[in-house]
1. Determine the pairs where a residue that is open to solvent by 30 Å² or more (accessible area, probe 1.4 Å), located within the range 362-387, has a partner that is of a type in the set (Asp, Glu) and not in a helix (DSSP H, G or I) with Cβ atoms under 8 Å apart, the partner being 6 or more residues away or on another chain.
2. Under 9 Å between Cβ atoms, at least 6 apart or on separate chains: pull out the pairs that start in the range 633-648 with a residue that is touching a residue at least 12 places away in the same chain (Cβ under 8 Å) and end on any residue that is polar (S, T, N, Q) and assigned to a helix (DSSP H, G or I).
3. Looking only at the range 349-361, count every residue that is open to solvent by 20 Å² or more (accessible area, probe 1.4 Å) and of a type in the set (A, V, I, L, M, F, W, C) and tell me the total.
4. Select from the range 658-691 the residues that are among the β-branched types (Val, Ile, Thr), free of Cβ contacts under 8 Å to residues at least 40 places away in the same chain and closer than 22 Å to Leu366 by Cα and list them in ascending order.
5. Name the strands (runs of 3 or more DSSP E) wholly inside the range 497-584 in which the number of residues that are open to solvent by 60 Å² or more (accessible area, probe 1.4 Å) is 1 or more.
6. Only one of Ser304, Ser296, Ser287, Ser282 is touching a His at 6+ places or on another chain (Cβ under 9 Å), crowded, with 19+ Cβ neighbours inside 10 Å and either within 16 Å of Glu244 (Cβ to Cβ) or not hydroxyl-bearing (Ser, Thr, Tyr) (or both); which?
7. Restricting to the range 418-427, name every residue that is outside any helix (DSSP H, G or I) and either among the hydroxyl-bearing types (Ser, Thr, Tyr) or surrounded by 15 or more Cβ atoms within 10 Å (Cβ to Cβ) (or both).
8. Mind listing whichever residues of the range 428-455 are without any contact (Cβ under 8 Å) to a residue 60 or more places away in the chain, closer than 28 Å to Asp475 by Cβ and buried (at least 17 other Cβ atoms within 10 Å of the Cβ)?
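The values are calculated or read from the model by the stated rules, or taken from the named source; none is laboratory data. Quick caveat, the model's predicted, so the values are computed rather than measured. Don't worry about glycine lacking a Cβ; one is built from the backbone with ideal geometry, like all the others, and counts go over all protein chains shown. All accessible areas refer to the heavy atoms of the entire protein, side chains included, with ligands and DNA or RNA removed. Shrake-Rupley method; radii C 1.70, N 1.55, O 1.52, S 1.80 Å.
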Amino acid sequence: MKKWNIKKADEKAVRELMNDENFKNTVLDELLSREPDSAILSGNAQDNTIISLLAPVLSARGFSSTESISEKFSVNKLSDPFLIRDMQKASDRINKAINENEKICIYGDYDCDGIMSTVMLYTFLSQAGADVIYYIPERSEGYGLNADAVKKIADMDTKLIITVDNGISAIKEAELIYELGMELVITDHHQTGETLPRAEAVVDPHRADCMSPFKNLCGAGVVLKLISALDGGNYDIPLEQFSELAAIATVADVVDLSGENRYIVCRGMNFIGQSDYTGITSLLEVSGLLGKKISSTSIAFMISPRINASGRFGSPKTAVNLILSENEEEAHAIAQELDSLNENRKKAESIITDEICGILNSDRSLASKRVLFFKGNNWNHGVIGIVASKIEELYGKPCFIASESNGEIRGSARAFGEFSVFKALSYCSECLEKFGGHQGAGGFTIKSGMTEKFDEMLQEYALINHKKMPVFSYDIDHVLRPEEMTVRGIKGLDFMEPCGQGNDKPVFLINGATVEELSPMGAGKHTNIRINYGGRRLYAKLFRKNPEQSGIITGQEYNFAVNLEINHFNNKDSVNIIVVDYRRQGINQSRITGAVYAYESFIRGEELPENYYLSMYPERAETALIYRNITETGIDIDMLYTKVFSEDLNYCKFLVVLEALAELNLIEYNSAGRKVKRLKANGKVSLDTAPVLIKLKEKMGE
């Protein structure tokens, strides 16, 4: 069960915003600049419904004045590129190479950010008359500079290597570059180590001595500023030519969409739909986005996965060729190839995810670890980062996944909240050949024979730094009243776009709605929920669960965490409710999260206060109640608890019962699917023989 953090708006601030004509006009002007012909925006000038949902959401997020809102959402320029440390040095060295006709090699990365960064700088330098080539390592070569690639580049009579989206941790490779008679300029956006590589310039906003005001650029954002610096500090041409590529990279790399990143993405999205890049137009066509409004969501889920697929299941050069192509027929063929590679990516993800879930289902104690770590053989390196994200969300734990192939163990990690992937990898550095990343994600290579030690050190880091691990949660911005769900009010939320990392799409709470009817939709894969909320009949869409899988009981009251959108159909606009999460009315989430912490601590063998063990031990009648409500077709675990919960049956005891029943082969316990189903019993079994209950009794005896 995910935690819901329900934010509270400052009522005084909301009233002031609602009465601030300047704020309302700012919102309207911004929205009309994006959609000048929108009928929704052309209502009564005195009608404040356009900010009726926006104002409380912004207040709940800490914005109390028009000024603070403008600072966050109305960034209208990029800071001076030369404020980034070594930018002047980088510009001088690259311009020298151009003027003296030295061969330059741009060294990129195989993900979307690295590909776009490479295309941007390669295009600019080519147009400037430079003798320039590019090199993007195949995924099999690993992330960043590698010795074999450096030697190949040297053999091409290269004089200067410029890294984009990598290089900050390449200490040994940088020395090799100089040994081979070349020089190096590094541009990167990842966290720096204690020692910087040898280079003519190291351009990374995360350098401790960098005074630039904005630190959270992606690799393409840094390259955009480098191009501006090479053009004397002017942004006009770089933004006109490259902002759409930088926007795609910024969204794809999941960096914070605030400040200058927001500006880059907003500028870029204006160009993507009418792109001058033939390859981008072809990509929109195969993605089903041609002629549609482009949002950060469509970039994240439709465009960037297809670009990333080239580096994951083919060659990153394919995506580079697509963006550089000026031939419509050629670009369309490449776009179709990327679309096919993306389908292969989905299949590979599913296979690895199923394998990991199978491991967790066969040994449920693994799911109680503070950090999840898995190593497989020949898992596709191109998708293990995506799989780590899926497992992280399924189990609510930081997830590290590694794959061993050809004697090398490479991995990816994902985390949330205050848990830092980069700090965790730094703590485990003695086990690693190399690593890199930031707060929420990272990559690493494990030394031979150090896999178990790496796992031990991960758990040790988590125990030392997070006695209570962060809980996977949803931030809820506002508790909805039925009358607030208007098309115009929802339209006002578009002011916050583009949404993404650091500026999440608003989530609302429908509090205590009665479920009247469930019906399948989407070929039976999804559910349409008819609810009665304060006398108003509404429909909410629940994706990836059919009515039976949802566990929702008609006639009962539920709380729904939802996104609000506008549905356009037959020239009519209506409210569209998308369910993010749900639970039955009356569940106390603080008790749930506390119970999960206690249960997992017990499973891990950590000591708990003595009274905890007694409160965890189930009565026979409680076990029977839970067992009776488990069906042969299966039921969602959280929904099962909502059917049986009482003040005496705490969630910790509930989990103990499920584990005991599973140990005795009375139920099948699918921890990944959050589902249990009854099995046919083979004779009588004694509940007291369940290992989890024996262990509890031992603790109670102590």
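1. Lys375/Glu404; Asn377/Glu404; Asn378/Glu404
2. Gly634/Gln549; Asp636/Gln549; Asp636/Ser550; Met639/Ser550
3. 2
4. Thr689
5. Fully inside the range 497-584 and qualifying: 508-521, 536-542, 557-569, 572-584.
6. Ser282
7. Within the range 418-427, Phe419, Ser420 meet the criteria.
8. Across the range 428-455, the qualifying residue is only Gly442.
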